[in-house]
Amino acid sequence: MSWFKEPKDLKDITLRAIEMLQNVDLIAAEDTRHTGLLLKHYDIKTPLTSYFEHNKMRKADYTRVHFRSRKTLVGEGKACSGCQTCLVICSLVHEGKENLSLSRIQILSDSFGGFPTDITIAQCRQCEDPACVKACDTGALHAAGANGNIRIVDEKKCIGCMRCIHVCPFMPGRIQWNSEKECAQKCDLCADTPFWEQRGGLGGKQACVELCPMRAIKFTDQVPVQKGDSGYNVNLRNENWKKLGFPIT
């Protein structure tokens, strides 16, 4: 967390300070009116919230929720063959068994549809404003600062209320119910799940990305466009697809 003292004059601010305000996840200010003028003057779009002595306890969870996840998964339905390799390997590395119901990534296949809309990859979006985190009263579902603010479930704290599952705004829901452990589960980007002898998480590898035969899933540190699906359903096809006679646009 960085601290920044507002200048008395809007012109009395360094380029470094402007860059910092543009790149942080959330700006918490004691006087949002004055800070709002400063942000508007420099066309800074970073979210702003009030934070002072009498609301700091209530705002503590709010500020933590708004820390952006440093990584996320994107995929492409056009490149996906629907083989479900990612589902099998996800359940295997996390739960030690091959069970599609225990996978944290989902593949939707429309048997009545046709290319390019017949297959959809449904992965957790690591939302900037996650309804699931805000709905969890026990703190089981939280932004893990040690893992780049990835939204993950602490199984020991989960009481099985399923509120996180019900409030997920996407269909199918990106949080699943683990019927064997009786707790919620979701994609954690393999934060604490090694890939063979290699580490997972932000600086490591993810089983689904590594083993997808079509290279239809990608790990990215860019924050995708949150509205709609265009930011998460991206074009991952390269020139090799063109050589096989498939369109790459």
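The values are calculated or read from the model by the stated rules, or taken from the named source; none is laboratory data. Predicted model only: the values in this text are computed from it and were never measured. Because the Cβ atoms are built from the backbone with ideal geometry, glycine has one as well, and the counts that use them run over all protein chains shown.
Among the numbered conditions (1) of a type outside the set (Lys, Arg); (2) under 20 Å from Leu202 (Cα atoms); (3) buried (at least 16 other Cβ atoms within 10 Å of the Cβ); (4) out of contact with any Cys (no Cβ under 9 Å at 6 or more places or on another chain), the only one that Asp118 does not meet is (2).
Looking at region 167-183 only, could you name the residues that are touching a residue at least 12 places away in the same chain (Cβ under 8 Å) and either more than 25 Å from Lys227 (Cα to Cα) or surrounded by fewer than 19 Cβ atoms within 10 Å (Cβ to Cβ) (or both)?
Step one: list which residues in region 167-183 are touching a residue at least 12 places away in the same chain (Cβ under 8 Å), which gives 167-170, 172, 174-183.
Passing the criteria: Val167, Pro169, Phe170, Pro172, Trp177, Asn178, Ser179, Glu180, Lys181, Glu182, Cys183.
Just to be sure, is Gly200 closer than 19 Å to Cys86 by Cβ, assigned to a loop (DSSP other than H, G, I, E, B) and among the small types (Gly, Ala, Ser)? For Gly200, the condition - closer than 19 Å to Cys86 by Cβ, assigned to a loop (DSSP other than H, G, I, E, B) and among the small types (Gly, Ala, Ser) - is met. Per the listing Leu108, Leu92, the residue uniquely in a strand (DSSP E or B) and modelled with pLDDT of 85 or more is Leu108.
Just to be sure before I move on: is Ala191 touching a strand residue (DSSP E or B) at 6+ places or on another chain (Cβ under 8 Å) and in a strand (DSSP E or B) in the structure I sent? Write out each step before concluding.
Details: touching a strand residue (DSSP E or B) at 6+ places or on another chain (Cβ under 8 Å): yes; in a strand (DSSP E or B): no.
Against the criterion (touching a strand residue (DSSP E or B) at 6+ places or on another chain (Cβ under 8 Å) and in a strand (DSSP E or B)), Ala191 does not qualify.
If I go through region 96-113 residue by residue, how many of them are surrounded by fewer than 18 Cβ atoms within 10 Å (Cβ to Cβ) and out of contact with any Asp or Glu (no Cβ under 6 Å at 6 or more places or on another chain)?
Of all residues in region 96-113, those surrounded by fewer than 18 Cβ atoms within 10 Å (Cβ to Cβ) come to 96-101, 108-113.
Filter once more, so that each one left must be out of contact with any Asp or Glu (no Cβ under 6 Å at 6 or more places or on another chain): 96-101, 108-109, 111-113.
Matching residues across region 96-113 total 11.
For region 157-166, the tally of residues that are surrounded by fewer than 20 Cβ atoms within 10 Å (Cβ to Cβ) and assigned to a loop (DSSP other than H, G, I, E, B) stands at 5.
Considering each of Ala191, Ala184, Ala135, Ala143 in turn, give the residue that is under 18 Å from Cys208 (Cβ atoms) and small (Gly, Ala, Ser). It would help to see each step written out before you state the result.
Numbers: Ala184 fails: under 18 Å from Cys208 (Cβ atoms); Ala135 fails: under 18 Å from Cys208 (Cβ atoms); Ala143 fails: under 18 Å from Cys208 (Cβ atoms).
Matching residue, one of Ala191, Ala184, Ala135, Ala143: Ala191.
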